[in-house]
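For reference, the structure is listed below as structure tokens.
Each reported figure results from applying straightforward, stated rules to the coordinates on display, with no laboratory input. Small disclaimer: the values here were computed from a predicted structure and weren't measured. Glycine gets a Cβ as well: all are built from the backbone with ideal geometry, and neighbour counts include every protein chain shown.
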Amino acid sequence: MKEIIMFVDTLQPFLQQAWKKSGFSTPLPIQERTYTMIKDGKDVIGISPTGSGKTLAYLLPLLEKIDVEQKQAQVLILASSHELVAQIHRLIQEWTTYAEMSSMMVIGGANIKRQIEKLKKKPQIIVGTPGRVLELIKQKKLKVHVLKSIVLDEADQLLVPEHRNNLFGIIKSAPKERQLLLFSATISEGLAEEANRYMVTPEVIRVNNEEAGTPKVSYQYIVSEEREKIDILRSLARHLDEQLLVFFRDSGNLAVIADKLAYQGIAVEALHGELSKQKREKAIRQFVKGETQLLLATDVAARGLDVKDLAYVVQVDVPRDPNHYLHRAGRTGRVGSDGGIVLSLVTNSEVRQLNQTAKKLEINLVETMLRKGKLIKKDPTKRR
């Protein structure tokens, strides 16, 4: 306990004020284990469950190191989606309320001329998507010559073909002695090895669910025909006094079901990459405020979504990558909540894939059925 108290007590006054305002009592495991390493300038790979405090784990030590007298970009945080960038930026603003430092978002799809104008004010912290960040670096509008640290948030989503070239282009543009931090709930050995080429003897910190203190989540599934899945969603919406975050692989199927549910009088919004930035922001804002009961989302679009006390995550299809299941599930059962339910709607042909995913992730699945809007555990001795 003494070590934890010392960690909080050594924070700069502006961070101690923000800490008190946040209502936190003690740092979470990923924060405690990485704080000194990051502050000392070491490269770190931090792997911890979704909702376990990873963003603050790198922000606290990095904000500590910002030189407020130096009006240049010192910290660059990269994320794969507009929503995650916005979430990180909001957190930075909260924790720098009492500090003389500035930050800004840099995302594709937004007005680049306005971003260039904001960059003239020389913010010390930049949060952005790789494509737009590299574009501004190449145009010499975003200067990274004094950059001290680069963070890859949700690194597994950045180390993919879509972002890889931009990502490594950014890293190569930065000073060689810069610090590189990777944080994610999941990261494969192959991706870690690839990132390792740009890191200097990185410290690898892993925190499991039990250590992270994340509440217990119940993993359930209902077997149904494909055409019945929308009926199950409608029944859940009408009988549960809860919000549902519903995941889809395909934005086309998502849009069709969203329209049908809306026509049936259910408060529903869609969230996927083909929507405009304004529509995506509106969908998230309404869901976070509780104005929308169902938010239908694709995996990437929902990466930056953090809804307090979200009790239900529903999967209309089984994700091809088990890690996507983990990230979807992580939207509920976050630290400080009462846990949650992850419900998969599967056809007979999808049950095997779901069981394979569960086995790989070492989670226990419970088959349930819907009776008058309530989820009831199915008797395994009874045949379907």
Proxy reagent accessibility, fewest Cβ within 10 Å first, across Glu162, Glu350: Glu162, Glu350
Reach of Lys141 by Cα under 20 Å, taken over aspartates and glutamates that are not fewer than 8 positions away in the same chain: Glu117
Under-22-angstrom lysine pairs by C-alpha in the stretch 215-377, whenever the two are 8 or more apart or on separate chains: 18
Answer label, with Rg and Dmax of the Cα atoms in Å calculated from the coordinates and candidates (1) 21.5, 70; (2) 20.7, 61; (3) 23.4, 81: (1)
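Share of antiparallel DSSP beta bridges in the chain, in percent to the nearest 5? It would help to have the intermediate numbers written out before the result.
Numbers: 4 of 56 bridges.
That works out to approximately 5 percent antiparallel.
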Ranking of Leu271, Leu180 by count of other Cβ atoms within 10 Å, fewest first: Leu180, Leu271
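What net charge is computed for the residues neighbouring Tyr263, neighbours being all others with C-beta under 15 Å from the C-beta of Tyr263, Lys and Arg scored +1, Asp and Glu -1? Each step should come with its number before you reach the end.
Details: positive: Arg234, Arg238, Lys260; negative: Asp231, Asp259, Glu269.
Residues near Tyr263 contribute 0 overall.
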Relative contact order for the chain, counting Cα pairs under 8 Å that sit 6 or more residues apart, in percent: 19
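Where does each of Asp259, Asp9 land when they are ranked from fewest to most other beta-carbon atoms within 10 angstrom? Kindly include the intermediate steps, with their values, before the conclusion.
Values: Asp259 12, Asp9 8.
Going from least to most buried by this count: Asp9, Asp259.
Given Cα pairs under 8 Å that are at least 6 residues apart, what percent is the relative contact order of the stretch 2-211? Write down the numbers at each step before the final one.
Numbers: 355 pairs, mean separation 60.8, N = 210.
The normalised contact order for the stretch 2-211 reaches 29 percent.
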Around Ser102: net Lys/Arg minus Asp/Glu count, Cβ-Cβ under 9 Å: +2
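In the stretch 215-377, what % of DSSP beta bridges are antiparallel (nearest 5)? Mind dumping the intermediate values first?
Working: 4 of 31 bridges.
Antiparallel: roughly 15 percent of the beta bridges in the stretch 215-377.
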Prolate/oblate/rounded label for the stretch 215-377 (Cα gyration tensor, a/c 1.5): rounded
GluC sites (Glu not before Pro) within the stretch 187-256, DSSP loop, no more than 11 other Cβ atoms inside 10 Å: Glu225
Over the stretch 148-277, relative contact order from alpha-carbon pairs under 8 Å, at least 6 apart, %: 18
